[in-house]
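Here's the structure we're looking at; comments come further down.
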Amino acid sequence: QADGREVLTIDARCIEAYRGRADVLRRRGEWKHRAEDDPTTDWQDALTDLVRARALKPDDASVERLTGGLYHRLGERKEFKGEDPRGEWRQALDWLGKSIAHDPSSAPGLVNEATVHESLAVWKEAHAEDPAEEFRKVVEGCEKALSLDPRLELAAQKLGDAWLGLGARNLKRGEAAMEDVQQALTAYDRAVAIRTDNWVVHLRRGVALE
């Protein structure tokens, strides 16, 4: 963080300085969250730096992507506290959509957007709402991401999770689920082929086989 501030004292119109400091604040917030400390101030300060970065370059996809990721994390923090996270997640989707529009070839951007839809799907399921639409958006985003980068392991993993979520949703409602489960297994196999030692994928593949 000190390095970012030092650059800002030299050139306050340096977008890289604002973006870099925002990323440091994001990472420090992640560390605080893992340490069971409140990361909210760091993430809000990061958003303030990104507002300044956008003032210098309004259509910068990386700044929009980082902004969307921070709103997603702030929503997760609200959910952790028992509050409604959907306002923050809608803002996350808005910024990530702008990022994708300005950089449609960014596979990580598509996965970030899919991750927010995944969070919404899980939230809806926990609150007796139908998560199907959100899971389908995860599938769509991850398939697009994999078409751009076939080696993107996280996209394959989240694709499997979304299909498994759809299968569980259908099973709960007495609807056919076998095709969804098979799609999940195919996606997990793809993730394992990319990286064989991902124990999370192996675990979820085992759940799909049950």
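Among residues of region 161-179 being over 15 Å from the mean Cα position of the chain (by Cα) and buried (at least 22 other Cβ atoms within 10 Å of the Cβ), the one that is farthest from GLY97 (Cα to Cα) is GLY167. Please indicate, with yes or no, whether at least one residue in region 135-143 is among the acidic types (Asp, Glu) and over 19 Å from THR196 (Cβ atoms). Scanning region 135-143, I find at least one residue that is among the acidic types (Asp, Glu) and over 19 Å from THR196 (Cβ atoms), so the answer is yes.
To keep it simple, each residue is scored yes or no on (1) closer than 22 Å to SER106 by Cα; (2) touching a Pro at 6+ places or on another chain (Cβ under 8 Å); (3) modelled with pLDDT of 95 or more; (4) among the aliphatic types (A, V, I, L, M).
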position	(1), (2), (3), (4)
TRP43	no, no, yes, no
ARG52	no, no, no, no
LYS57	yes, no, no, no
THR67	yes, no, yes, no
LEU70	yes, no, yes, yes
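Going by the conditions given, is SER99 in contact (Cβ under 8 Å) with a residue 40 or more places away in the chain and either open to solvent by 20 Å² or more (accessible area, probe 1.4 Å) or out of contact with any Phe, Trp or Tyr (no Cβ under 9 Å at 6 or more places or on another chain) (or both)? So SER99 does not fit the description; no.
Of the residues making up region 146-175, those that are over 17 Å from ASP189 (Cβ atoms), out of contact with any Ser or Thr (no Cβ under 8 Å at 6 or more places or on another chain) and of a type outside the set (Asp, Glu) number 10. One residue stands out among those in region 12-37 that are among the charged types (D, E, K, R) and touching a residue at least 12 places away in the same chain (Cβ under 8 Å): the one that is most open to solvent (accessible area, probe 1.4 Å), which is ARG13.
The values are calculated or read from the model by the stated rules, or taken from the named source; none is laboratory data. Predicted, not measured: the structure shown is a model, and the values here were computed from it. Note that we place each Cβ from the backbone using ideal geometry, even for glycine, and neighbour counts take in every protein chain shown. Each accessible area value is taken on the protein alone, full model and side chains, heavy atoms only, with ligands, DNA and RNA left out. Shrake-Rupley method; radii C 1.70, N 1.55, O 1.52, S 1.80 Å.
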